[in-house]
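Peer 1: Take this structure, written in structure tokens, and hold onto it; I'll ask about it next.
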């Protein structure tokens, strides 16, 4: 199951200095709420991606704390102001402390 | 006669049971408390715009865009954005912490909504002032697996 979990990014590769860049991310994850019952009527334990941390060249840009009310395959779009070329790094962590990372480079002309 | 009354009573009891179970959802107070536990102070209206469909046919993934009006400079920026929903089993939806590097305090996400309810957002500025906005979304099919 955990093998199906794959982060996806949409980040522009080029930007102008000081440009406001829109970033879109999605991680395929069931986001089990802990409210749902399986076929035997037992509650399916909660298992959600609870945090997403985004850094640019190691400096924090955005920290997201997610609750079960966030839809399955959590999608998030936000902005980054880029002043210099660098790497945007994403780290997702779930309730089992399992984490996934993804990176994308932005070249500033 | 007695038998029929009994069945009716049983039926009412069963119905009441269902209603009680259904009531185990967050209330507007809980949504406020969930935010207040993290954002200390009294929020004032304004600065936030919440974009969401007026009617969501599928509560499993309702698109939501929250924008906070701020210059996002080192002097003045949005430190945190708290989003809650007052009719879900749990009031919390998400918390976003921004930095001036964000450039613009806007996030788009998809939320699960169990029923028609209000989405509440509170923004905390770097100087501690709080702003709030809310928006009702009507939900046709709930999205919490009930």
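The values are calculated or read from the model by the stated rules, or taken from the named source; none is laboratory data. These figures come from a predicted structure and were not determined experimentally. All Cβ positions, even for glycine, are placed from backbone atoms using ideal geometry, and neighbour counts span all protein chains on display.
Peer 1: Where residues in region A:31-51 are more than 9 Å from chain B (Cβ to nearest Cβ) and under 15 Å from the mean Cα position of the chain (by Cα), which of them is farthest from residue B:103 (Cα to Cα)?
Peer 2: A:48
Peer 1: Starting from residues that are within 14 Å of chain B (Cβ to nearest Cβ) and out of contact with any helix residue (DSSP H, G or I) (no Cβ under 7 Å at 6 or more places or on another chain), keep the ones in region A:79-89 and report whichever is surrounded by the fewest Cβ atoms within 10 Å (Cβ to Cβ).
Peer 2: Here the residue is A:84.
Peer 1: Here are some residues: A:59, A:65. Which one is free of Cβ contacts under 8 Å to residues at least 40 places away in the same chain, at the interface with chain B (Cβ under 10 Å from one of its Cβ atoms) and exposed (fewer than 13 other Cβ atoms within 10 Å of the Cβ)?
Peer 2: A:59
Peer 1: If I ask for residues that are part of a loop (DSSP other than H, G, I, E, B), in contact (Cβ under 8 Å) with a residue 24 or more places away in the chain, facing another protein chain (nearest Cβ under 7 Å) and crowded, with 21+ Cβ neighbours inside 10 Å, which ones from region B:91-138 would you list?
Peer 2: Listed by number, the residues that qualify are B:103, B:112.
Peer 1: A further question follows. Would you say residue B:66 is assigned to a strand (DSSP E or B), within 13 Å of another protein chain (Cβ to nearest Cβ) and at pLDDT 95 or above?
Peer 2: yes
Peer 1: Can you tell me which residue is surrounded by the fewest Cβ atoms within 10 Å (Cβ to Cβ) among those in region B:61-80 that are more than 17 Å from residue A:20 (Cβ to Cβ) and in contact with a strand residue (DSSP E or B) (Cβ under 8 Å, 6 or more places away or on another chain)?
Peer 2: Among them, the one singled out is B:63.
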